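Chemist: Please read through the structure below; I'll follow up with questions.
The values are calculated or read from the model by the stated rules, or taken from the named source; none is laboratory data. Everything numeric in this text was worked out from a predicted model, so none of it was measured. Counting neighbours? That spans all protein chains shown, and the Cβs are built from the backbone with ideal geometry, glycine included. All accessible areas refer to the heavy atoms of the entire protein, side chains included, with ligands and DNA or RNA removed. Shrake-Rupley method; radii C 1.70, N 1.55, O 1.52, S 1.80 Å.
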Amino acid sequence: MKKVYFDSAATTQLRSEVIYAMTEVLKTEYGNPSSSHAYGRSSKSVIETGRKEVAKILNVSPSEIIFTSGGTEADNLVLNSCVRDLGVTRIISSKIEHHAVLYSINQLETTHNIKVDFVKLDDCGHVDFTHLEELLKDKEHKTLVSLMHVNNEIGNVLDLEKTAKLCKKYDALFHSDTVQSVGHYQLDFQEIPVDFAAVAAHKFHGPKGAGFAFIRKNTGLKPLIFGGEQERGMRAGTEAVYAIAGMVEALKISYQNLEKEKAYITDLKDYFKQQLSSHIPNVIFNGSCDDNVTSTYTLLNVCLPVTTEKGLMLLFQLDLKGIACSRGSACQSGSSKGSHVLAEILNDENMAKPSIRFSFSSFNTKDEIDYVVATLKEFVNS
């Protein structure tokens, strides 16, 4: 059976160079990085050299990079600490954020009685900037804006610089979940005045369980996890040296190959759209997936013209054919509620049809796309 992996928005295949980097660290850098002896100092050097590499890529200070277990921890660290430490009493977000953000906001609303405002979205799921500015004009509350850069289900791309500058204009803090964009887009956080960002290594061919938070210096944030002075006191616990080394290697390679791989993957996505449109009449691309400017090149969310009953079997049938894709975020794969993102932007007729997220990497090929399109065509016509 042919095996095709089109679920890179959930997690990516490790690069061979990353596996090598991690293996070398596992073999040679086994000292505790908090120890004062040579073994510990050597491990600490791996971490700090990596921190400098990450900071250089994003054009920030190394002290502004805090290594975490991934994007979810980074989101939680920022949102909770902003309310606890910075006096934030209102959060502006959208209803199509990742659950790491939405569930954190819900909890803060319950436990800290913060005010929550959701910005309006257009029919494709893009932020209504006129409404965002209206919300920001209300300065009764200390405000944090939390909006993701690239939506993990429909691929919409937020104008990060425009959002950040609008927040600065009205003295609001700005946090962005950049899990789907770091490693795939050039981001200069000196030019783009975000205050906080969350990153996960496994979205750009690095290891799971590694990530970082960007926390702009002098914001006054304090830790959520206590017990040691690791990460400049911002995140207690012995660092996973090998995972940090793998993440840094993956990030460096992603940016070294960015333009070449972006062109290759964009061509794959365009070919997929063209083949689907040619072979499956009435197929719909959710969000702004048919626009390469306002949609990420790494993802395509497809609504198929079949009945609800038939659609219930779609992922199962694709899996039987060796095709890996998803309904949406892998974090809610066990949920029977469906996509909260699509529920916000689709009408009842299209919401009743099955929608599938296909996400790509440089490891994919057009032959794989042909196989997927043929499989989908057979399913729709059966």
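Chemist: Using alpha-carbon pairs under 8 Å, 6+ residues apart, how would you state the relative contact order of the chain in percent? Can you show the working numbers first?
Modeler: Working: 707 pairs, mean separation 89.2, N = 382.
In percent, rounded to a whole number, it is 23.
Chemist: Now for a different question. What is the angle, in °, between the Cα long axis of helix 16-28 and the longest principal axis of the Cα atoms in the chain? Nearest 10 is fine, range 0 to 90.
Modeler: Rounded to the nearest ten degrees, it is 30.
Chemist: Could you work out [θ]222 nm for the chain from helices alone, using -39500 (n - 2.57) per DSSP H run of at least four and dividing by all its residues? Round to the nearest 500 deg cm²/dmol.
Modeler: One gets -13000 deg cm²/dmol as the mean residue ellipticity at 222 nm.
Chemist: Percent antiparallel among DSSP beta bridges with both residues in the chain, to the nearest 5?
Modeler: Bridges in the chain are about 55 percent antiparallel.
Chemist: Can you give me the C-alpha center-to-center distance between the range 123-193 and the range 275-313, rounded to a whole angstrom?
Modeler: Centre-to-centre distance over Cα atoms comes out at 26 Å.
Chemist: How long is the gain from Thr110 to Lys137 if the chain were fully straight, where each residue apart is worth 0.36 nm and the alpha carbon distance is subtracted?
Modeler: Here the answer is 7.3 nm.
Chemist: In addition: Given a 1.4 Å probe, how much area per residue of the chain is accessible, in Å²?
Modeler: About 43 Å² of surface per residue is accessible.
Chemist: List, in order, the whole-Hz ³J(HN,Hα) value for each residue of the range 166-175 obtained from phi through the Karplus relation with A = 6.51, B = -1.76, C = 1.60 and θ = phi - 60°; use x for Gly and Pro.
Modeler: Taking θ as phi minus 60°, the curve returns 5, 5, 4, 4, 10, 6, 9, 6, 10, 10 Hz for the range 166-175.
Chemist: Could you tell me the calculated FRET efficiency between Leu86 and Lys169, based on Cβ-Cβ distance and R0 = 25 angstrom, to the nearest 0.05?
Modeler: Step by step, r from the Cβ atoms, then E = 0.85.
Chemist: Based on the Kirkwood radius over alpha-carbon pairs, what is the Stokes-Einstein translational diffusion coefficient of the range 196-255 at 25 °C with 0.890 mPa s viscosity, in µm²/s?
Modeler: Answer from the Stokes-Einstein relation: 196 µm²/s.
Chemist: Another question, if that's okay. May I ask you to give the percent of accessible area on the range 34-131 that is carbon plus sulfur, with a probe radius of 1.4 Å?
Modeler: That fraction is 49 percent.
Chemist: Checking a compactness column here: for the range 127-286, what do you get for Rg(Cα) / (2.2 N^0.38 Å), N being the number of residues?
Modeler: 1.25
Chemist: Can you give the accessible area of Ser382 in Å² (nearest 10), computed on protein heavy atoms with a 1.4 Å probe?
Modeler: 100
Chemist: Alpha carbons only, please: Rg and Dmax for the range 176-215, in angstrom.
Modeler: Here Rg and the maximum Cα pair distance are 10.1, 29 Å.
Chemist: How many times 2.2 N^0.38 Å is the alpha carbon radius of gyration of the range 1-131?
Modeler: For the range 1-131, the normalised Cα radius of gyration is 1.45.
Chemist: Still on this structure: Rounded to whole Å and ordered largest first, report the semi-axes of the equivalent ellipsoid of the range 210-324 derived from its Cα gyration tensor (root of 5λ).
Modeler: Semi-axes from the Cα gyration tensor: 41, 20, 16 Å.
Chemist: Turning to a different aspect of this structure: Take the chain, mark every one of the chymotrypsin sites (Phe, Trp or Tyr not before Pro) that falls in a DSSP loop and has at most 14 other Cβ within 10 Å, then report the longest stretch left between them, sites excluded.
Modeler: On the way: sites that count: Tyr30, Phe226, Phe363.
Free of exposed loop sites, the longest segment is 31-225.
Chemist: What does the extension gain come out to for Lys208 and Asp348, with contour length at 0.36 nm per residue minus their alpha carbon separation?
Modeler: Numbers: separation 140, 0.36 × 140 = 50.40 nm, distance 3.63 nm.
The span from Lys208 to Asp348 would gain 46.8 nm if fully extended.
Chemist: Okay, next question. Out of the total accessible area of the range 180-255 (probe 1.4 Å, heavy atoms of protein only), what percent is carbon and sulfur?
Modeler: Details: 1320 of 2690 Å².
Ligands and nucleic acids excluded, carbon and sulfur reach 49 percent.
Chemist: How far apart, in nanometres, would the label points at Ser63 and Gln13 be if each is projected 7 angstrom from Cα along the Cα-to-Cβ direction?
Modeler: Simple spin-label model gives 4.2 nm for this pair.
Chemist: Which ³J(HN,Hα) values, rounded to whole Hz and listed in residue order, are derived for the range 363-369 from phi using the Karplus coefficients 6.51, -1.76 and 1.60 in 6.51 cos²θ - 1.76 cosθ + 1.60 with θ = phi - 60°, glycine and proline given as x?
Modeler: 7, 7, 9, 5, 4, 5, 4
Chemist: Continuing with the same structure: Helix 99-112 against the longest principal axis of the chain: what's the angle in degrees, Cα atoms only, rounded to the nearest 10?
Modeler: 60
Chemist: Which loop-located trypsin sites (Lys or Arg not before Pro) does the range 1-80 contain, where loop means any DSSP state but H, G, I, E or B and the Cβ has at most 14 other Cβ atoms within 10 Å?
Modeler: Within the range 1-80, the qualifying trypsin sites (Lys or Arg not before Pro) (loop, at most 14 other Cβ atoms within 10 Å) are Lys2, Lys3.
Chemist: Moving on. Could you let me know the centre-to-centre spacing of the range 36-53 and the range 354-370, using Cα atoms, in angstrom?
Modeler: 39
Chemist: Of all trypsin sites (Lys or Arg not before Pro) in the range 175-264, which ones are in loop regions per DSSP and have a Cβ with at most 13 other Cβ atoms within 10 Å? Kindly include the intermediate steps, with their values, before the conclusion.
Modeler: Values: sites: Lys203, Lys208, Arg216, Lys217, Arg232, Arg235, Lys252, Lys260, Lys262; in loops: Lys208, Arg216, Lys217, Arg235.
Filter output for the range 175-264: Lys217.
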